[in-house]
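The values are calculated or read from the model by the stated rules, or taken from the named source; none is laboratory data. Values in this document were obtained by computation on a predicted structure and should not be read as measured data. Quick reminder, even Gly has a Cβ in these numbers, built from the backbone with ideal geometry, and neighbours come from all protein chains shown. Quick note on the areas: whole protein, heavy atoms, side chains included, nothing else; ligands and nucleic acids left out. Shrake-Rupley method; radii C 1.70, N 1.55, O 1.52, S 1.80 Å.
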Amino acid sequence: MSNQPIQWSKKQIREQLEVVKGNLPPTKVIENAKWLNSITKKWSSGNIWIHRDRIVYVGSDMPSCTDGTDIENVNGAPVVPGYIEHHAHPFQLYHPLSLARYASERGTTTLISDNMKLFLHLPKKKAFTFIEELQKSPVLMLWWARYDAQTALNEHDKYFSYKNVMDWLHHPYVVQGGELTDWPSVLHGDDAMLQWMQETKAKGMPIEGHLPGAGEKTLTQMALAGVDCDHEAMTGEELLRRLNLGYTCSMRYSSIRPDLPGLLDTVREEGLSSSDKLLMTTDGSPPKVMQEGVMDRVIQLAIDKDIPFIDAINMCTYNVARHYRLDHVLGMIAPGRLANINILQSETDPTPVSVLGKGEWIVKDNEVLNHIPDPEWPRFGFKPFTLSWDLTMEDLQFSMPLGIEMVNDVIMKPYRPEVDLMSDEIGGKKDECYFVLADRHGKWRVNTVIKGFADSLYGMASSYSNTGDIILIGKSKEGLLDAFQALKNQGGGIVVVGQEGTEASIPLVINGALSDKELKDIAAEEEHLVRVLSEKGYAYGDPVYSLLFFSATHLPYVRVTQKGIYDVKQKKVLFPSIMR
(Lines give C-alpha, C1' and ligand atoms only; values in the text may rest on other atoms or scores of the structure.)
Protein backbone atom coordinates (compact mmCIF):
# COMPACT_ATOMS: atom_id res chain seq x y z
CA MET A 1 0.00 0.00 0.00
CA SER A 2 1.19 3.51 -0.85
CA ASN A 3 2.18 5.79 2.00
CA GLN A 4 -0.05 8.56 0.56
CA PRO A 5 -3.81 8.64 1.19
CA ILE A 6 -4.62 9.64 -2.40
CA GLN A 7 -2.44 8.40 -5.22
CA TRP A 8 -2.89 7.13 -8.76
CA SER A 9 -0.81 4.44 -10.45
CA LYS A 10 1.26 5.01 -13.58
CA LYS A 11 -1.34 3.07 -15.55
CA GLN A 12 -4.14 5.28 -14.27
CA ILE A 13 -2.19 8.45 -15.01
CA ARG A 14 -1.44 7.26 -18.56
CA GLU A 15 -5.16 6.65 -19.06
CA GLN A 16 -5.98 10.11 -17.73
CA LEU A 17 -3.46 11.65 -20.12
CA GLU A 18 -5.13 9.88 -23.04
CA VAL A 19 -8.45 11.41 -22.00
CA VAL A 20 -6.96 14.91 -22.15
CA LYS A 21 -5.39 14.13 -25.55
CA GLY A 22 -8.81 13.12 -26.87
CA ASN A 23 -7.97 9.45 -27.38
CA LEU A 24 -10.27 8.20 -24.58
CA PRO A 25 -13.62 9.53 -23.35
CA PRO A 26 -13.89 10.91 -19.81
CA THR A 27 -16.37 9.13 -17.59
CA LYS A 28 -18.20 12.38 -16.72
CA VAL A 29 -18.34 16.00 -17.84
CA ILE A 30 -19.93 18.83 -15.92
CA GLU A 31 -20.77 21.18 -18.75
CA ASN A 32 -21.41 24.92 -18.60
CA ALA A 33 -20.30 25.24 -14.98
CA LYS A 34 -19.55 28.39 -13.03
CA TRP A 35 -16.77 26.88 -11.00
CA LEU A 36 -14.85 28.29 -8.06
CA ASN A 37 -11.14 28.88 -8.52
CA SER A 38 -10.03 28.48 -4.91
CA ILE A 39 -6.60 30.06 -5.52
CA THR A 40 -7.68 33.26 -7.26
CA LYS A 41 -10.95 33.35 -5.30
CA LYS A 42 -12.89 34.09 -8.44
CA TRP A 43 -15.61 32.33 -10.41
CA SER A 44 -14.70 30.93 -13.82
CA SER A 45 -16.92 29.50 -16.55
CA GLY A 46 -16.24 26.31 -18.41
CA ASN A 47 -16.37 22.54 -18.40
CA ILE A 48 -15.01 20.02 -15.92
CA TRP A 49 -13.83 16.67 -17.25
CA ILE A 50 -13.72 13.76 -14.82
CA HIS A 51 -12.20 10.36 -15.43
CA ARG A 52 -13.30 7.85 -12.84
CA ASP A 53 -12.39 9.51 -9.51
CA ARG A 54 -10.16 12.36 -10.76
CA ILE A 55 -10.61 15.75 -12.35
CA VAL A 56 -8.50 15.68 -15.51
CA TYR A 57 -9.40 18.98 -17.21
CA VAL A 58 -11.00 22.31 -16.34
CA GLY A 59 -11.48 24.87 -19.09
CA SER A 60 -13.53 26.02 -22.06
CA ASP A 61 -13.11 22.90 -24.21
CA MET A 62 -15.42 19.90 -24.49
CA PRO A 63 -13.88 16.48 -25.09
CA SER A 64 -13.77 15.31 -28.71
CA CYS A 65 -14.44 11.73 -27.61
CA THR A 66 -17.59 11.29 -25.49
CA ASP A 67 -18.68 7.70 -26.15
CA GLY A 68 -20.36 6.57 -22.93
CA THR A 69 -19.59 9.85 -21.15
CA ASP A 70 -22.12 11.05 -18.59
CA ILE A 71 -22.56 14.73 -19.53
CA GLU A 72 -24.36 16.94 -17.04
CA ASN A 73 -25.16 20.45 -18.28
CA VAL A 74 -25.61 22.57 -15.15
CA ASN A 75 -26.59 25.74 -17.06
CA GLY A 76 -24.18 28.07 -15.30
CA ALA A 77 -24.84 26.81 -11.77
CA PRO A 78 -22.12 27.46 -9.19
CA VAL A 79 -19.79 24.49 -8.69
CA VAL A 80 -17.50 24.25 -5.65
CA PRO A 81 -15.18 21.62 -4.13
CA GLY A 82 -16.68 18.99 -1.84
CA TYR A 83 -16.58 20.12 1.79
CA ILE A 84 -14.11 18.72 4.32
CA GLU A 85 -14.88 18.08 8.01
CA HIS A 86 -11.36 17.88 9.41
CA HIS A 87 -12.28 17.37 13.07
CA ALA A 88 -14.83 14.57 13.10
CA HIS A 89 -15.50 12.33 16.09
CA PRO A 90 -17.40 9.65 14.15
CA PHE A 91 -18.50 7.58 17.14
CA GLN A 92 -21.00 9.94 18.81
CA LEU A 93 -23.80 7.34 18.94
CA TYR A 94 -23.62 7.21 15.12
CA HIS A 95 -20.83 5.28 13.41
CA PRO A 96 -18.37 6.38 10.68
CA LEU A 97 -20.49 5.18 7.76
CA SER A 98 -23.81 6.54 9.01
CA LEU A 99 -22.06 9.89 9.52
CA ALA A 100 -20.51 9.62 6.05
CA ARG A 101 -23.91 8.93 4.50
CA TYR A 102 -25.55 11.88 6.22
CA ALA A 103 -22.65 14.29 5.66
CA SER A 104 -22.04 13.45 2.01
CA GLU A 105 -25.68 13.91 1.08
CA ARG A 106 -25.19 17.52 2.26
CA GLY A 107 -21.92 18.06 0.43
CA THR A 108 -19.31 16.99 3.01
CA THR A 109 -17.36 14.42 1.03
CA THR A 110 -14.20 14.15 3.16
CA LEU A 111 -14.01 13.29 6.87
CA ILE A 112 -10.77 13.49 8.85
CA SER A 113 -11.60 11.60 12.01
CA ASP A 114 -10.56 10.76 15.55
CA ASN A 115 -9.10 7.24 15.80
CA MET A 116 -9.56 6.89 19.58
CA LYS A 117 -12.36 4.30 19.59
CA LEU A 118 -10.60 2.17 17.00
CA PHE A 119 -7.28 2.50 18.83
CA LEU A 120 -8.65 1.46 22.23
CA HIS A 121 -11.35 -1.05 21.35
CA LEU A 122 -10.20 -2.98 18.27
CA PRO A 123 -7.13 -5.10 17.60
CA LYS A 124 -4.82 -3.02 15.42
CA LYS A 125 -5.02 -5.36 12.45
CA LYS A 126 -8.83 -5.25 12.45
CA ALA A 127 -8.83 -1.47 12.91
CA PHE A 128 -6.59 -1.05 9.86
CA THR A 129 -8.70 -3.47 7.84
CA PHE A 130 -11.76 -1.45 8.80
CA ILE A 131 -10.39 1.93 7.73
CA GLU A 132 -9.17 0.42 4.47
CA GLU A 133 -12.64 -1.04 3.83
CA LEU A 134 -14.15 2.41 4.34
CA GLN A 135 -12.20 3.72 1.35
CA LYS A 136 -14.52 1.73 -0.92
CA SER A 137 -17.23 4.30 -0.22
CA PRO A 138 -17.49 7.51 -2.30
CA VAL A 139 -16.57 9.50 0.83
CA LEU A 140 -12.88 10.05 1.51
CA MET A 141 -12.31 8.96 5.12
CA LEU A 142 -8.97 9.92 6.66
CA TRP A 143 -7.81 9.66 10.28
CA TRP A 144 -5.83 11.10 13.17
CA ALA A 145 -3.28 9.25 15.31
CA ARG A 146 -3.83 9.92 19.01
CA TYR A 147 -0.92 10.30 21.42
CA ASP A 148 -2.97 9.98 24.63
CA ALA A 149 -6.26 8.53 25.86
CA GLN A 150 -7.55 11.70 27.59
CA THR A 151 -8.30 9.53 30.62
CA ALA A 152 -6.38 7.49 33.20
CA LEU A 153 -6.28 3.92 31.87
CA ASN A 154 -5.33 0.89 33.93
CA GLU A 155 -3.28 -0.43 31.00
CA HIS A 156 -2.14 2.83 29.44
CA ASP A 157 1.30 1.59 28.35
CA LYS A 158 -0.20 -1.46 26.67
CA TYR A 159 -2.09 0.80 24.28
CA PHE A 160 0.24 3.76 23.96
CA SER A 161 3.44 1.94 23.15
CA TYR A 162 5.97 3.29 20.67
CA LYS A 163 5.12 0.58 18.15
CA ASN A 164 1.35 1.09 18.31
CA VAL A 165 1.59 4.86 17.90
CA MET A 166 4.16 4.55 15.09
CA ASP A 167 2.08 1.98 13.24
CA TRP A 168 -0.84 4.41 13.25
CA LEU A 169 1.31 7.38 12.24
CA HIS A 170 2.70 5.45 9.29
CA HIS A 171 -0.66 4.26 7.99
CA PRO A 172 -1.41 5.95 4.63
CA TYR A 173 -4.92 7.02 5.67
CA VAL A 174 -3.61 8.81 8.78
CA VAL A 175 -2.86 12.47 8.06
CA GLN A 176 -2.51 14.10 11.50
CA GLY A 177 -1.05 13.63 14.94
CA GLY A 178 -3.37 14.34 17.87
CA GLU A 179 -5.58 15.86 18.95
CA LEU A 180 -3.09 16.31 21.77
CA THR A 181 -5.02 16.61 25.04
CA ASP A 182 -2.25 15.65 27.46
CA TRP A 183 0.01 18.52 26.44
CA PRO A 184 0.97 19.27 30.09
CA SER A 185 2.90 15.98 30.10
CA VAL A 186 4.94 17.18 27.14
CA LEU A 187 5.77 20.44 28.93
CA HIS A 188 6.65 18.52 32.11
CA GLY A 189 9.17 16.19 30.51
CA ASP A 190 7.36 13.34 28.71
CA ASP A 191 9.98 12.62 26.06
CA ALA A 192 8.09 9.62 24.68
CA MET A 193 5.21 11.83 23.57
CA LEU A 194 7.60 14.49 22.31
CA GLN A 195 9.34 11.79 20.26
CA TRP A 196 6.01 10.81 18.69
CA MET A 197 5.41 14.46 17.84
CA GLN A 198 8.83 14.71 16.20
CA GLU A 199 8.12 11.57 14.18
CA THR A 200 4.85 13.15 13.05
CA LYS A 201 6.63 16.28 11.87
CA ALA A 202 9.27 14.19 10.11
CA LYS A 203 6.48 12.64 8.08
CA GLY A 204 5.31 16.12 7.09
CA MET A 205 2.01 15.82 8.96
CA PRO A 206 0.45 18.53 11.14
CA ILE A 207 -0.28 18.17 14.85
CA GLU A 208 -3.64 19.21 16.29
CA GLY A 209 -3.59 20.70 19.77
CA HIS A 210 -6.27 20.87 22.44
CA LEU A 211 -5.28 23.97 24.39
CA PRO A 212 -8.31 25.50 26.16
CA GLY A 213 -7.56 28.78 27.90
CA ALA A 214 -3.87 28.63 26.95
CA GLY A 215 -1.92 31.86 27.36
CA GLU A 216 0.82 33.24 25.16
CA LYS A 217 3.65 31.34 26.89
CA THR A 218 1.87 27.99 26.75
CA LEU A 219 0.90 28.46 23.10
CA THR A 220 4.48 29.45 22.32
CA GLN A 221 5.91 26.38 24.01
CA MET A 222 3.48 24.05 22.26
CA ALA A 223 4.33 25.65 18.91
CA LEU A 224 7.99 24.93 19.63
CA ALA A 225 7.03 21.32 20.44
CA GLY A 226 5.33 21.02 17.05
CA VAL A 227 1.63 21.88 17.43
CA ASP A 228 0.29 23.55 14.26
CA CYS A 229 -3.44 23.92 14.85
CA ASP A 230 -5.81 24.41 17.77
CA HIS A 231 -9.61 24.36 17.93
CA GLU A 232 -9.95 25.69 21.48
CA ALA A 233 -10.28 29.44 20.83
CA MET A 234 -13.49 30.40 22.61
CA THR A 235 -13.28 34.16 22.19
CA GLY A 236 -12.10 36.59 19.55
CA GLU A 237 -9.13 37.49 21.74
CA GLU A 238 -8.07 33.82 21.94
CA LEU A 239 -8.47 33.47 18.18
CA LEU A 240 -6.21 36.46 17.48
CA ARG A 241 -3.65 35.20 20.01
CA ARG A 242 -3.34 31.93 18.12
CA LEU A 243 -3.18 33.58 14.70
CA ASN A 244 -0.49 35.98 15.93
CA LEU A 245 1.62 32.98 16.96
CA GLY A 246 1.27 31.29 13.58
CA TYR A 247 -1.36 28.71 14.47
CA THR A 248 -4.02 27.47 12.12
CA CYS A 249 -7.30 28.12 13.93
CA SER A 250 -10.19 25.70 13.70
CA MET A 251 -13.37 27.57 14.66
CA ARG A 252 -16.01 25.27 16.05
CA TYR A 253 -19.75 25.11 16.20
CA SER A 254 -20.50 22.16 18.46
CA SER A 255 -23.18 21.20 20.93
CA ILE A 256 -21.09 22.19 23.97
CA ARG A 257 -18.96 24.91 22.37
CA PRO A 258 -21.02 26.85 19.78
CA ASP A 259 -18.32 29.52 19.57
CA LEU A 260 -18.31 29.99 15.79
CA PRO A 261 -20.69 32.98 15.47
CA GLY A 262 -18.73 35.06 17.99
CA LEU A 263 -15.40 34.10 16.42
CA LEU A 264 -16.70 35.06 12.99
CA ASP A 265 -17.58 38.50 14.34
CA THR A 266 -13.90 38.97 15.14
CA VAL A 267 -12.85 37.59 11.76
CA ARG A 268 -15.13 40.07 10.00
CA GLU A 269 -14.21 43.04 12.18
CA GLU A 270 -10.48 42.37 11.78
CA GLY A 271 -10.74 41.76 8.03
CA LEU A 272 -9.29 38.25 8.32
CA SER A 273 -11.75 36.18 6.31
CA SER A 274 -9.33 35.67 3.40
CA SER A 275 -6.66 34.12 5.67
CA ASP A 276 -5.84 30.53 4.78
CA LYS A 277 -5.20 29.85 8.49
CA LEU A 278 -8.93 29.71 9.29
CA LEU A 279 -10.91 26.45 9.26
CA MET A 280 -14.37 25.51 10.56
CA THR A 281 -15.62 22.35 12.29
CA THR A 282 -18.63 20.80 14.02
CA ASP A 283 -16.23 19.10 16.48
CA GLY A 284 -18.08 15.80 16.70
CA SER A 285 -21.48 17.03 17.79
CA PRO A 286 -24.07 14.39 18.74
CA PRO A 287 -26.96 13.61 16.37
CA LYS A 288 -29.51 16.13 17.66
CA VAL A 289 -27.17 19.00 16.73
CA MET A 290 -25.67 17.38 13.65
CA GLN A 291 -29.12 17.00 12.07
CA GLU A 292 -28.97 20.76 11.43
CA GLY A 293 -26.22 20.01 8.91
CA VAL A 294 -22.49 19.43 8.73
CA MET A 295 -20.12 21.77 6.87
CA ASP A 296 -23.05 23.17 4.89
CA ARG A 297 -24.39 24.39 8.23
CA VAL A 298 -21.21 26.16 9.36
CA ILE A 299 -20.74 27.74 5.93
CA GLN A 300 -24.28 29.11 6.19
CA LEU A 301 -23.46 30.51 9.65
CA ALA A 302 -20.45 32.28 8.15
CA ILE A 303 -22.57 33.74 5.36
CA ASP A 304 -25.09 34.93 7.94
CA LYS A 305 -22.20 36.75 9.65
CA ASP A 306 -21.37 38.58 6.39
CA ILE A 307 -18.29 36.51 5.64
CA PRO A 308 -17.76 36.52 1.83
CA PHE A 309 -19.18 33.35 0.31
CA ILE A 310 -15.91 32.28 -1.32
CA ASP A 311 -13.97 32.77 1.92
CA ALA A 312 -16.55 30.70 3.80
CA ILE A 313 -16.26 27.91 1.22
CA ASN A 314 -12.46 27.99 1.40
CA MET A 315 -12.56 27.58 5.19
CA CYS A 316 -14.07 24.12 4.60
CA THR A 317 -12.20 23.15 1.43
CA TYR A 318 -8.99 24.77 0.17
CA ASN A 319 -7.74 26.00 3.55
CA VAL A 320 -8.18 22.52 5.01
CA ALA A 321 -6.37 20.84 2.12
CA ARG A 322 -3.47 23.30 2.42
CA HIS A 323 -3.21 22.72 6.16
CA TYR A 324 -2.94 18.97 5.65
CA ARG A 325 -0.57 19.43 2.70
CA LEU A 326 -3.11 17.70 0.47
CA ASP A 327 -4.02 20.62 -1.79
CA HIS A 328 -2.29 18.87 -4.70
CA VAL A 329 -5.08 16.26 -4.66
CA LEU A 330 -7.92 17.74 -2.61
CA GLY A 331 -9.88 20.86 -1.81
CA MET A 332 -10.18 22.60 -5.16
CA ILE A 333 -11.53 22.20 -8.68
CA ALA A 334 -8.42 21.78 -10.78
CA PRO A 335 -6.68 19.05 -12.82
CA GLY A 336 -5.28 16.25 -10.69
CA ARG A 337 -7.68 16.70 -7.81
CA LEU A 338 -10.07 14.09 -6.49
CA ALA A 339 -13.49 14.53 -8.08
CA ASN A 340 -15.32 15.62 -4.93
CA ILE A 341 -17.66 18.29 -6.28
CA ASN A 342 -20.79 20.13 -5.14
CA ILE A 343 -23.25 21.71 -7.56
CA LEU A 344 -25.17 24.53 -5.89
CA GLN A 345 -28.47 26.26 -6.51
CA SER A 346 -26.94 29.71 -6.03
CA GLU A 347 -23.84 31.53 -4.80
CA THR A 348 -25.51 32.21 -1.46
CA ASP A 349 -26.75 28.71 -0.60
CA PRO A 350 -24.06 26.18 0.42
CA THR A 351 -26.39 23.17 0.50
CA PRO A 352 -25.79 21.36 -2.80
CA VAL A 353 -28.43 20.06 -5.18
CA SER A 354 -25.96 17.52 -6.59
CA VAL A 355 -22.89 15.91 -5.04
CA LEU A 356 -20.03 13.93 -6.54
CA GLY A 357 -17.77 11.87 -4.28
CA LYS A 358 -14.70 10.25 -5.87
CA GLY A 359 -16.36 10.84 -9.23
CA GLU A 360 -19.59 9.03 -8.28
CA TRP A 361 -22.98 10.67 -7.96
CA ILE A 362 -24.02 10.65 -4.32
CA VAL A 363 -26.86 13.12 -4.91
CA LYS A 364 -28.16 14.24 -8.30
CA ASP A 365 -30.85 16.90 -8.60
CA ASN A 366 -31.71 16.46 -4.90
CA GLU A 367 -32.14 12.69 -5.25
CA VAL A 368 -29.84 10.38 -3.29
CA LEU A 369 -28.32 7.90 -5.74
CA ASN A 370 -25.57 6.27 -3.70
CA HIS A 371 -26.62 5.03 -0.28
CA ILE A 372 -23.46 3.68 1.35
CA PRO A 373 -24.18 0.27 2.94
CA ASP A 374 -23.02 -0.76 6.40
CA PRO A 375 -20.16 -3.27 6.66
CA GLU A 376 -20.32 -6.69 8.25
CA TRP A 377 -19.54 -5.42 11.73
CA PRO A 378 -18.33 -8.71 13.32
CA ARG A 379 -15.76 -9.10 10.55
CA PHE A 380 -13.97 -5.98 11.82
CA GLY A 381 -14.17 -6.80 15.51
CA PHE A 382 -17.36 -4.89 16.35
CA LYS A 383 -19.23 -7.42 18.46
CA PRO A 384 -22.69 -7.33 20.04
CA PHE A 385 -22.66 -5.95 23.58
CA THR A 386 -22.88 -8.58 26.32
CA LEU A 387 -22.40 -8.44 30.08
CA SER A 388 -21.32 -11.77 31.54
CA TRP A 389 -21.66 -10.61 35.16
CA ASP A 390 -24.41 -9.34 37.43
CA LEU A 391 -24.54 -6.23 39.57
CA THR A 392 -25.63 -6.92 43.14
CA MET A 393 -26.51 -4.84 46.19
CA GLU A 394 -23.07 -5.71 47.57
CA ASP A 395 -21.57 -3.66 44.74
CA LEU A 396 -23.57 -0.63 45.85
CA GLN A 397 -21.74 0.18 49.07
CA PHE A 398 -20.88 3.88 49.17
CA SER A 399 -18.37 5.18 51.69
CA MET A 400 -16.14 7.51 49.67
CA PRO A 401 -15.88 10.91 51.37
CA LEU A 402 -15.40 12.69 48.04
CA GLY A 403 -18.05 13.28 45.39
CA ILE A 404 -18.18 15.12 42.07
CA GLU A 405 -20.26 18.20 41.33
CA MET A 406 -21.24 19.24 37.82
CA VAL A 407 -20.45 22.84 36.86
CA ASN A 408 -21.85 22.44 33.34
CA ASP A 409 -22.33 19.62 30.82
CA VAL A 410 -18.70 18.50 31.06
CA ILE A 411 -16.86 20.32 33.88
CA MET A 412 -16.83 18.77 37.37
CA LYS A 413 -15.38 19.88 40.67
CA PRO A 414 -14.93 17.95 43.93
CA TYR A 415 -17.38 18.22 46.81
CA ARG A 416 -18.11 16.44 50.08
CA PRO A 417 -21.42 14.53 50.12
CA GLU A 418 -23.67 15.22 53.07
CA VAL A 419 -26.23 12.52 52.27
CA ASP A 420 -26.60 9.22 54.15
CA LEU A 421 -24.56 6.87 51.95
CA MET A 422 -25.79 3.81 53.86
CA SER A 423 -29.38 4.50 52.83
CA ASP A 424 -30.97 2.62 49.95
CA GLU A 425 -31.99 5.90 48.37
CA ILE A 426 -31.25 9.60 48.45
CA GLY A 427 -34.59 11.09 49.41
CA GLY A 428 -36.22 14.41 48.65
CA LYS A 429 -35.48 16.77 45.75
CA LYS A 430 -31.77 17.01 46.42
CA ASP A 431 -29.77 17.11 43.20
CA GLU A 432 -27.50 14.31 44.40
CA CYS A 433 -27.36 10.79 42.96
CA TYR A 434 -25.35 7.66 43.49
CA PHE A 435 -22.71 7.27 40.76
CA VAL A 436 -20.93 4.07 39.76
CA LEU A 437 -18.29 3.51 37.11
CA ALA A 438 -17.94 -0.27 36.65
CA ASP A 439 -15.52 -2.22 34.53
CA ARG A 440 -17.20 -3.57 31.43
CA HIS A 441 -15.93 -7.04 32.35
CA GLY A 442 -16.91 -6.75 36.02
CA LYS A 443 -13.39 -6.60 37.49
CA TRP A 444 -13.54 -3.30 39.39
CA ARG A 445 -15.81 -0.41 40.34
CA VAL A 446 -15.72 3.19 41.55
CA ASN A 447 -18.62 4.25 43.79
CA THR A 448 -19.22 7.91 44.56
CA VAL A 449 -21.94 10.58 44.57
CA ILE A 450 -22.66 13.12 41.83
CA LYS A 451 -24.26 16.49 42.53
CA GLY A 452 -26.04 18.51 39.85
CA PHE A 453 -26.95 15.73 37.42
CA ALA A 454 -30.57 15.13 38.46
CA ASP A 455 -32.93 15.44 41.44
CA SER A 456 -35.53 12.74 40.74
CA LEU A 457 -33.74 10.07 38.69
CA TYR A 458 -34.64 6.53 39.77
CA GLY A 459 -31.96 4.84 37.69
CA MET A 460 -29.87 5.23 34.55
CA ALA A 461 -27.26 3.03 32.92
CA SER A 462 -24.93 3.59 29.98
CA SER A 463 -22.35 1.54 28.12
CA TYR A 464 -21.62 4.71 26.15
CA SER A 465 -18.59 6.24 27.86
CA ASN A 466 -15.06 7.37 27.10
CA THR A 467 -13.61 3.93 27.79
CA GLY A 468 -16.58 1.63 27.12
CA ASP A 469 -17.06 0.96 30.83
CA ILE A 470 -20.49 1.08 32.51
CA ILE A 471 -21.89 4.25 34.08
CA LEU A 472 -24.75 4.00 36.59
CA ILE A 473 -26.52 7.06 38.04
CA GLY A 474 -29.61 7.27 40.25
CA LYS A 475 -31.14 8.26 43.55
CA SER A 476 -32.14 4.66 44.34
CA LYS A 477 -29.82 1.69 44.67
CA GLU A 478 -32.67 -0.50 43.50
CA GLY A 479 -32.97 1.86 40.55
CA LEU A 480 -29.30 1.28 39.72
CA LEU A 481 -29.88 -2.48 39.72
CA ASP A 482 -32.97 -2.11 37.52
CA ALA A 483 -31.12 0.17 35.10
CA PHE A 484 -28.19 -2.25 34.88
CA GLN A 485 -30.53 -5.12 34.09
CA ALA A 486 -32.38 -3.04 31.48
CA LEU A 487 -29.04 -2.18 29.85
CA LYS A 488 -28.07 -5.82 29.85
CA ASN A 489 -31.39 -6.88 28.30
CA GLN A 490 -31.21 -4.09 25.72
CA GLY A 491 -27.77 -5.14 24.51
CA GLY A 492 -25.97 -1.91 25.39
CA GLY A 493 -26.55 1.79 24.97
CA ILE A 494 -28.23 4.28 27.28
CA VAL A 495 -31.34 3.57 29.33
CA VAL A 496 -33.34 5.55 31.90
CA VAL A 497 -35.73 3.61 34.12
CA GLY A 498 -38.47 4.51 36.55
CA GLN A 499 -40.24 2.26 39.00
CA GLU A 500 -42.70 1.32 36.25
CA GLY A 501 -40.03 0.41 33.68
CA THR A 502 -37.97 1.99 30.89
CA GLU A 503 -38.65 5.68 30.22
CA ALA A 504 -35.97 6.52 27.66
CA SER A 505 -33.61 4.38 25.63
CA ILE A 506 -30.92 4.65 22.98
CA PRO A 507 -29.93 1.10 21.93
CA LEU A 508 -26.29 0.90 20.85
CA VAL A 509 -26.12 -2.62 19.48
CA ILE A 510 -22.68 -2.27 17.88
CA ASN A 511 -20.23 -2.98 20.69
CA GLY A 512 -22.46 -1.15 23.16
CA ALA A 513 -21.21 2.16 21.76
CA LEU A 514 -22.75 2.71 18.31
CA SER A 515 -26.26 2.69 16.88
CA ASP A 516 -27.11 0.86 13.68
CA LYS A 517 -29.79 3.45 12.85
CA GLU A 518 -29.63 6.52 10.63
CA LEU A 519 -28.49 9.80 12.14
CA LYS A 520 -31.93 11.44 12.16
CA ASP A 521 -33.48 8.41 13.89
CA ILE A 522 -30.76 8.48 16.56
CA ALA A 523 -31.37 12.21 16.96
CA ALA A 524 -35.03 11.54 17.78
CA GLU A 525 -34.01 9.04 20.48
CA GLU A 526 -31.47 11.50 21.85
CA GLU A 527 -34.00 14.33 21.98
CA HIS A 528 -36.39 12.08 23.93
CA LEU A 529 -33.58 11.19 26.34
CA VAL A 530 -32.84 14.89 26.91
CA ARG A 531 -36.54 15.62 27.58
CA VAL A 532 -36.84 12.79 30.10
CA LEU A 533 -33.65 13.75 31.92
CA SER A 534 -34.69 17.41 31.95
CA GLU A 535 -37.91 16.40 33.70
CA LYS A 536 -35.74 14.65 36.29
CA GLY A 537 -33.62 17.72 36.98
CA TYR A 538 -30.85 17.54 34.38
CA ALA A 539 -30.18 21.26 33.89
CA TYR A 540 -27.86 21.14 30.88
CA GLY A 541 -28.29 20.46 27.18
CA ASP A 542 -26.00 17.58 26.33
CA PRO A 543 -26.14 14.42 28.49
CA VAL A 544 -24.36 12.47 25.73
CA TYR A 545 -21.23 14.57 26.20
CA SER A 546 -21.67 14.41 29.98
CA LEU A 547 -21.49 10.61 29.79
CA LEU A 548 -18.55 10.72 27.42
CA PHE A 549 -16.51 13.15 29.52
CA PHE A 550 -17.04 11.86 33.07
CA SER A 551 -13.66 10.12 32.64
CA ALA A 552 -11.97 12.77 30.47
CA THR A 553 -8.82 13.95 32.21
CA HIS A 554 -8.19 16.77 29.72
CA LEU A 555 -10.93 18.75 31.50
CA PRO A 556 -10.96 20.20 35.04
CA TYR A 557 -11.13 19.46 37.90
CA VAL A 558 -11.82 15.87 38.96
CA ARG A 559 -12.78 12.82 36.90
CA VAL A 560 -14.00 9.30 37.55
CA THR A 561 -11.58 6.97 35.75
CA GLN A 562 -10.60 3.32 35.63
CA LYS A 563 -7.99 4.09 38.27
CA GLY A 564 -10.44 5.87 40.57
CA ILE A 565 -11.28 9.48 41.42
CA TYR A 566 -8.61 11.48 39.62
CA ASP A 567 -7.33 15.00 40.32
CA VAL A 568 -6.60 16.49 36.89
CA LYS A 569 -4.34 19.33 37.99
CA GLN A 570 -2.21 17.22 40.33
CA LYS A 571 -2.36 14.25 37.92
CA LYS A 572 -2.92 11.77 40.72
CA VAL A 573 -5.55 9.33 41.96
CA LEU A 574 -7.32 10.63 45.06
CA PHE A 575 -9.32 7.45 45.79
CA PRO A 576 -8.57 4.24 43.88
CA SER A 577 -11.07 1.94 42.19
CA ILE A 578 -12.06 -1.19 44.11
CA MET A 579 -11.69 -4.73 42.81
CA ARG A 580 -14.93 -6.73 42.83
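In this view, the solvent-accessible surface of S388, computed with a 1.4 Å probe and all protein chains in place, comes to about 120 Å². When peptides 16-24, 550-558, 194-202 are sorted by average Cβ neighbour count within 10 Å, with the highest value leading, the order is 550-558, 194-202, 16-24.
Counting protein heavy atoms only, the chain has 48 percent of its accessible area on carbon and sulfur, 1.4 angstrom probe. Would you work out if region 488-580 is rounded, prolate or oblate? Take a ≥ b ≥ c from the square roots of the eigenvalues of the alpha-carbon gyration tensor; rounded if a/c is under 1.5, else prolate when a/b is larger than b/c, oblate otherwise. Prolate, since a/c reaches 1.5 and a/b exceeds b/c. Taken over the C-alpha atoms, the chain has Rg and Dmax values of 24.8, 84 angstrom. Here r is the Cβ-Cβ distance between H371 and E527 and R0 is 30 Å; the resulting FRET efficiency, rounded to 0.05, is 0.80. Averaged over its residues, the chain has an accessible area of 38 Å² per residue, based on protein heavy atoms and a 1.4 Å probe. For region 309-343 and region 151-199, what is the separation of their Cα centres, given in Å? Cα centres, region 309-343 to region 151-199: 29 Å.
Note on D190: accessible area approximately 50 square angstrom, rounded to 10, probe 1.4 Å, nucleic acids and ligands left out. Ligands, DNA and RNA aside, S60 has an accessible area near 100 Å² when probed at 1.4 Å. Residue order by solvent-accessible surface for Y147, Y540 is Y540, Y147, largest first, with ligands and nucleic acids left out and a 1.4 Å probe.
The chymotrypsin sites (Phe, Trp or Tyr not before Pro) found in region 21-93 include none that occupy coil by DSSP while having at most 16 further C-beta atoms within 10 Å. Using Cα positions and a limit of under 28 Å, work out the lysines in reach of K429, with same-chain residues fewer than 8 apart set aside. Qualifying lysines at Cα under 28 Å: K413, K451, K475, K477, K536. With every protein chain in place and a 1.4 angstrom probe, the accessible-area ranking of R14, R322, R559, R445, largest first, reads R14, R322, R445, R559.
Straight-distance candidates among the lysines for linking to K41, with alpha-carbon spacing under 20 Å and chain neighbours fewer than 8 residues away dropped: K277, K305. Length gained on full extension, E535 to I411: 42.5 nm, using 0.36 nm per residue less the C-alpha separation.
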